[in-house]
1. Treating the beta-carbon of each Lys and Arg as +1 and of each Asp and Glu as -1, no other charges, what is the dipole magnitude of the chain about its Cα centre, to the nearest 20 debye?
2. Which distance in nm do the two modelled labels at Gln21 and Ser3 give, with both placed 7 Å along the Cα-to-Cβ direction?
3. Using 0.36 nm per residue, how much length does the chain from Thr178 to Lys140 gain when fully extended, once their Cα-Cα distance is taken away?
4. Accessible area, 1.4 Å probe, largest first: how do Val26, Val161 sort?
5. Under 15 Å from the 7 Å Cα→Cβ point of Asp148, by amide nitrogen: which residues of the stretch 97-122?
6. Order Ser3, Ser22, Ser33 by their accessible area, 1.4 angstrom probe, all chains in place, largest first.
7. May I ask you to compute the full-extension gain from Asp119 to Asn48, defined as 0.36 nm times their residue separation minus their alpha-carbon distance, rounded to one decimal in nm?
8. When the dipole is taken about the Cα centre of the stretch 67-167, and only Lys, Arg (+1) and Asp, Glu (-1) are charged at their Cβ, what size is it in debye, to the nearest 20?
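The values are calculated or read from the model by the stated rules, or taken from the named source; none is laboratory data. Keep in mind that what you see is a predicted model, and the values were worked out from it rather than measured. Virtual Cβ from ideal backbone geometry, glycine too; neighbours counted across all protein chains shown. The area values use the complete protein model at the heavy-atom level, side chains included, leaving out ligands, DNA and RNA. Shrake-Rupley method; radii C 1.70, N 1.55, O 1.52, S 1.80 Å.
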Amino acid sequence: MKSRQITVGDRAWTVRVDGPQSRHSVLLLPDASDPVDVYDQVCARLHNSDLRTIAVESIEGLDPAGVTAILDEIGVPWANVAARGTGAELAWRACATGFGRFISLVVADRGHPAAVGPDGTIADATVPPVELPTTVLVTKNLPRAVADASGRFVYGEFRVVEIDVDNVATEADHELVTEIVLRTSLW
């Protein structure tokens with residue numbers, strides 16, 4: 001994959017952009033502890049489905065405005081978003097505040113920040129609902145009840161899929177890709 005350094009203000013992020021030139025792009029946000037190549041297998045499969053990928057190598061210090069600035073710098077007017085762990089939390093926030101910029105959302109390991117979490121608390125009640133089709137992947141790190149509770153913060157088609165793995169990007173890349181492709185299709 002081709003790496004690019006994107007500078008936003010005084011911060012810089014490395015992103016891997018690859019795949020066919022297509023109207024459909026998928027922005028991939030990793031968990032904080034993921035290696036830079038965590039989405040390589042996912043990207044290869046997405047390229048076979050005629051999807052362009054933008055994989056952020058690290059989300060450290062990245063916020064929703066930075067996500068939008070990265071897409072602007074690459075020249076992507078709208079994107080499908082897929083993320084896991086802390087990247088999923090960022091994805092919820094970006095999609096909730098970037099109306100019209102995102103087409104779909106697929107998240108693993110995190111429910112909506114305004115929903116009750118696994119520990120019974122709410123991470124951030126100020127995060128608005130997302131207004132786009134959303135899939136939440138229930139893994140060993142996310143209880144089904146948390147995923148279900150996120151549904152009230154989705155103003156669009158909502159789907160919950162259970163996958164019995166710790167890291168969906170490396171242990172169930174084929175299932176993650178299937179969910180992303182389903183969200184990118186308009187049929």
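1. Numbers: 16 positive and 26 negative charges, 111 e Å.
Around 540 debye, computed over the chain.
2. Calculated label separation equals 2.6 nm.
3. Details: separation 38, 0.36 × 38 = 13.68 nm, distance 1.91 nm.
Net length gain for the segment: 11.8 nm.
4. Working: Val26 0, Val161 25 Å².
The residues order as Val161, Val26, largest area first.
5. In the stretch 97-122, the label zone of Asp148 (backbone N under 15 Å from the point 7 Å along Cα→Cβ) covers 116-118.
6. Numbers: Ser3 75, Ser22 35, Ser33 100 Å².
Final ranking, largest accessible area leading: Ser33, Ser3, Ser22.
7. Numbers: separation 71, 0.36 × 71 = 25.56 nm, distance 3.92 nm.
Result: 21.6 nm gained on full extension.
8. Details: 8 positive and 12 negative charges, 23 e Å.
Roughly 100 debye, rounded to the nearest 20.
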